Amino acid sequence: MTDPTPRPVLVTGGNRGIGLAIASTLRDAGHPVVVGSRSGEAPDGLPAVALDVTDTASVDAAFTEAEKIVGAPMGALVANAGITKDQLLMRMSDADIDSVLDTNLVGAIRCARRATKSMLRAKSGRIVLMSSVVGLYGSPGQVNYAASKAGLVGVARSLTRELGGRRITTNVVAPGYIDTAMTEDLPEDLKTTYRGIIPAGRFGEVSEVAAAVRFLLSDDASYVSGAVIPVDGGLGMGH
Ligand code: NDP
């Protein structure tokens with residue numbers, strides 16, 4: 001079944017992993033989707049634009065191009081692009097700190113700033129920021145990543161206070177451990193340990209994250225803003 005209100009949406013980092021699942025799910029729900037990827041290559045029959053979230057000019061150009069592709073301003077943004085550069089803090093380089101914060105946190109802010117221009121004119125919009133259970137739960141070796149993901153909660157709640165009166169919602173989705181390239185490289189013993197502490201007893205599927213994002217873009221979520229929606233099999237309960 002398709003959603004009754006189609007919202008042109010840009011999904012950053014939508015060429016693979018969780019972003020691709022979100023883009024495909026939203027397309028199947030009837031939303032005009034454009035995928036942003038650094039290479040600009042289109043995956044799975046979805047239109048794509050070149051987008052580097054660490055570069056304001058690239059963000060601006062990507063939105064302009066996406067608007068041309070769908071013939072309308074973006075009514076929704078899924079700020080999904082993210083990287084990890086894990087290391088114990090005492091060994092973490094400035095470059096590892098800067099690049100993770102610049103991509104995951106500042107990149108999402110850059111995209112939200114560009115997206116809200118047309119949303120304000122339309123007095124309608126949906127922004128979804130891809131955080132992580134790690135942002136509020138913490139994780140050794142991920143001080144830079146956890147800080148970037150926790151920061152997104154402040155972004156969503158501040159934007160909700162700034163723009164909530166204009167029918168623009170901003171929410172955070174906080175996945176736990178999901179089967180993607182990002183988790184594939186974890187050592188097998190660590191994966192077994194994680195599965196042991198996740199109440200669901202397994203890693204999540206990308207489709208399970210995409211379903212939460214689809215809900216947040218739907219008319220059913222019109223009164224949900226500033227929320228952190230966990231998709232983590234119960235790992236982060238209460239955090
Ligand atoms: P992947 O590593 O599979 O994909 C990351 C995506 O981000 C890629 O599309 C990548 O593009 C894009 N990206 C990275 N840097 C930039 C940049 N500077 N500009 C534009 N795009 C960029 O990650 P996942 O699919 O696993 O994760 C997606 C999001 O979900 C991330 O924000 C991640 O932190 C979050 N998350 C993931 C979890 C997991 O278990 N997998 C758990 C919790 C949260 P490119 O192909 O060009 O590199």
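Please treat every number below as a calculation from the coordinates, not as lab data. Bear in mind the structure is a predicted one, so any value in this text is a computation, not a measurement. No Cβ is skipped: glycine too gets one built from the backbone with ideal geometry, and neighbour counts run over all protein chains shown.
Annotations
- Residue match in segment 109-122 (condition: within 13 Å of the ligand (Cβ to nearest atom) and under 22 Å from Val206 (Cα atoms)): no
- For segment 34-50, the condition of being more than 9 Å from the ligand (Cβ to nearest atom), touching a strand residue (DSSP E or B) at 6+ places or on another chain (Cβ under 6 Å), assigned to a helix (DSSP H, G or I) and not β-branched (Val, Ile, Thr) holds for none of the residues.
- Filter pass, Asp185 being surrounded by fewer than 20 Cβ atoms within 10 Å (Cβ to Cβ), within 16 Å of the ligand (Cβ to nearest atom) and either charged (D, E, K, R) or under 17 Å from the mean Cα position of the chain (by Cα) (or both): yes
- Segment 159-183 residues that are among the small types (Gly, Ala, Ser), paired with ones that are more than 16 Å from the ligand (Cβ to nearest atom) and in a strand (DSSP E or B) (beta carbon under 6 Å, 6 or more apart): none
- Selection within segment 228-238 - surrounded by fewer than 19 Cβ atoms within 10 Å (Cβ to Cβ) and small (Gly, Ala, Ser): Gly234, Gly238
- Sole residue being of a type in the set (A, V, I, L, M, F, W, C), farther than 21 Å from Thr180 by Cβ and within 16 Å of the ligand (Cβ to nearest atom), chosen from Val100, Val143: Val143
- Set side by side, the residues Ile83, Ile22 differ, and just one is surrounded by 16 or more Cβ atoms within 10 Å (Cβ to Cβ), within 14 Å of the chain's Cα centre (by Cα), within 16 Å of the ligand (Cβ to nearest atom) and part of a loop (DSSP other than H, G, I, E, B), which is Ile83.
- Subset tally (residues that are surrounded by fewer than 24 Cβ atoms within 10 Å (Cβ to Cβ) and outside any loop (DSSP other than H, G, I, E, B)) for segment 120-132: 3
- Residues satisfying the stated conditions in segment 7-19, i.e. in a loop (DSSP other than H, G, I, E, B), in contact with a helix residue (DSSP H, G or I) (Cβ under 8 Å, 6 or more places away or on another chain) and within 24 Å of Gly204 (Cα to Cα): Gly13, Gly14, Arg16
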